[in-house]
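Asks: What follows is a single structure, and I will ask about it in a moment.
The values are calculated or read from the model by the stated rules, or taken from the named source; none is laboratory data. The structure displayed is predicted, hence computed values, not measured ones. So basically every Cβ, Gly included, is an ideal-geometry build from the backbone, and we count neighbours across all protein chains shown. In case anyone asks, the SASA skips ligands and DNA or RNA and just uses the protein heavy atoms, side chains included. Shrake-Rupley method; radii C 1.70, N 1.55, O 1.52, S 1.80 Å.
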Amino acid sequence: MQTQEIKKISSQVRRDILRMVHACQSGHPGGSLGCTDLLVDLYFSTMNLKTDAAGKVVFDMDGTNEDLFFLSNGHISPLIYSVLARRGYFTTSELASFRKINTRLQGHPTPHEHLEGIRIASGSLGQGLSVAIGAAQAKKLNGDKSTVYCLMGDGEQNEGQVWEAAMYAPHHKVDNLIAFIDENGQQIDGPTEKVMSNRDLQAKYEAFGWNVMRMDGNNAEDIQNTLIKAKAALGNGSPIMIIMKTEMGAGVDFMMYSHKWHGVAPNDQQLQDALAQLEETLGDY
């Protein structure tokens, strides 16, 4: 898919995120907006997804012979819900049920409600990379040549389980895995440098044996080019880690450059101001 099309879909997804969080006055818009460009590229361009004869995506929990994505920082659920709906896993009208009681679109993704596209519960930070590694190993054992993708936050690197997984994957040559760190420099309590500095993430992952790349996570062209490069490097004995620089709240000027919008919903006027900056390209739900 051309990057111009990716940008148009990303604009609509950002509108979805803002409207979902505003409607229930709860949720996490900042990181969702920041990671939009990556997930739109993955689901609409890069990943090999299972489809029927008519080209409609088909979901099953096994995920055999298709690429898999695991969202570790599950608090950015508005993003994954919008992308899945826009990709055709479920109807976009269901986005209006976000965070409401007894609906499938809860604050953190969960599989027990059988929401298409969701394979694990996530948002208890630190667990997604471990799950992705397990799925990647299962694919290798089954002779499945598909790729597994996983997204984590930079604040999430504070979790010890991340580093157990980081040691495990290179040792076991899990080379069908591409992981991402959303390096926006912000977490719920403030800048990552003040809360718990990650220092040099690239040096750390390289020391453990990962093939580390960097990209601008809010630049559609750079995302596409980096993913092509990453896919070409698969199968060489090392997992791949892409550290992507993003801005929390990307796409909405007053939400950027601060941790304030990590978990705060816009009010009515703020919603209108934000939507005015984003083109409606696919039609609001």
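Asks: Which one of Val195, Val174, Val162 is at pLDDT below 95 and farther than 30 Å from Gln269 by Cα?
Replies: Val195
Asks: Scan region 15-30 and tell me whether some residue there is in contact with a strand residue (DSSP E or B) (Cβ under 8 Å, 6 or more places away or on another chain) and buried (at least 20 other Cβ atoms within 10 Å of the Cβ).
Replies: yes
Asks: With Lys231, Lys204 as the choices, which residue is open to solvent by 50 Å² or more (accessible area, probe 1.4 Å), without any contact (Cβ under 8 Å) to a residue 40 or more places away in the chain and of a type in the set (Lys, Arg)? I'd like the intermediate steps shown before the answer.
Replies: Details: Lys231 fails: without any contact (Cβ under 8 Å) to a residue 40 or more places away in the chain.
None of the others qualify; the one that does is Lys204.
Asks: Here's another thing I want to ask about it. Would you pick out the residues in region 207-228 that are open to solvent by less than 40 Å² (accessible area, probe 1.4 Å) and not in a helix (DSSP H, G or I)?
Replies: Gly209, Trp210, Val212, Met213, Met215, Gly217, listed by residue number.
Asks: Starting from region 35-51, keep only residues that are over 15 Å from Tyr81 (Cβ atoms) and at pLDDT 95 or above, then list their pairs with residues that are small (Gly, Ala, Ser) and open to solvent by less than 20 Å² (accessible area, probe 1.4 Å) whose Cβ atoms are within a distance under 6 Å, requiring at least 6 positions of separation or different chains.
Replies: Matching pairs, first to second residue: Asp37/Ser10; Asp37/Ala220; Leu38/Gly217.
Asks: Can you name the residue in region 44-63 that is of a type in the set (Gly, Ala, Ser) and open to solvent by 70 Å² or more (accessible area, probe 1.4 Å) and is also nearest to Ala136 (Cα to Cα) among such residues?
Replies: The qualifying residue nearest to Ala136 (Cα to Cα) is Ala53.
Asks: Every residue in region 234-259 that is over 9 Å from Leu33 (Cβ atoms), out of contact with any Pro (no Cβ under 8 Å at 6 or more places or on another chain), open to solvent by 10 Å² or more (accessible area, probe 1.4 Å) and touching a residue at least 40 places away in the same chain (Cβ under 8 Å), please.
Replies: Scanning region 234-259 gives Leu234, Gly235, Asn236, Gly237, Lys245, Ser258.
Asks: Continuing with this model, one more query. Picking from Ser258, Ser197, which residue would you name as being farther than 22 Å from Asp41 by Cβ, under 21 Å from the mean Cα position of the chain (by Cα) and outside any helix (DSSP H, G or I)?
Replies: Going through Ser258, Ser197 in turn, just one is farther than 22 Å from Asp41 by Cβ, under 21 Å from the mean Cα position of the chain (by Cα) and outside any helix (DSSP H, G or I): Ser258.
Okay, residues lined up against (1) surrounded by 15 or more Cβ atoms within 10 Å (Cβ to Cβ); (2) β-branched (Val, Ile, Thr); (3) in contact with an Asp or Glu (Cβ under 8 Å, 6 or more places away or on another chain):
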residue: Glu94; (1), (2), (3): yes, no, no
residue: Ser97; (1), (2), (3): yes, no, no
residue: Leu105; (1), (2), (3): yes, no, yes
residue: Thr110; (1), (2), (3): yes, yes, no
residue: Leu115; (1), (2), (3): yes, no, no
residue: Leu129; (1), (2), (3): yes, no, no
residue: Gly143; (1), (2), (3): no, no, no
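Asks: Something else now. Restricting the first residue to region 111-130 and requiring it to be more than 13 Å from Phe69 (Cβ to Cβ), which pairs with a second residue that is open to solvent by less than 10 Å² (accessible area, probe 1.4 Å) and among the charged types (D, E, K, R) meet a Cβ separation below 7 Å and a spacing of at least six or different chains?
Replies: Cβ pairs passing all conditions: Leu125/Glu156; Gly126/Glu156.
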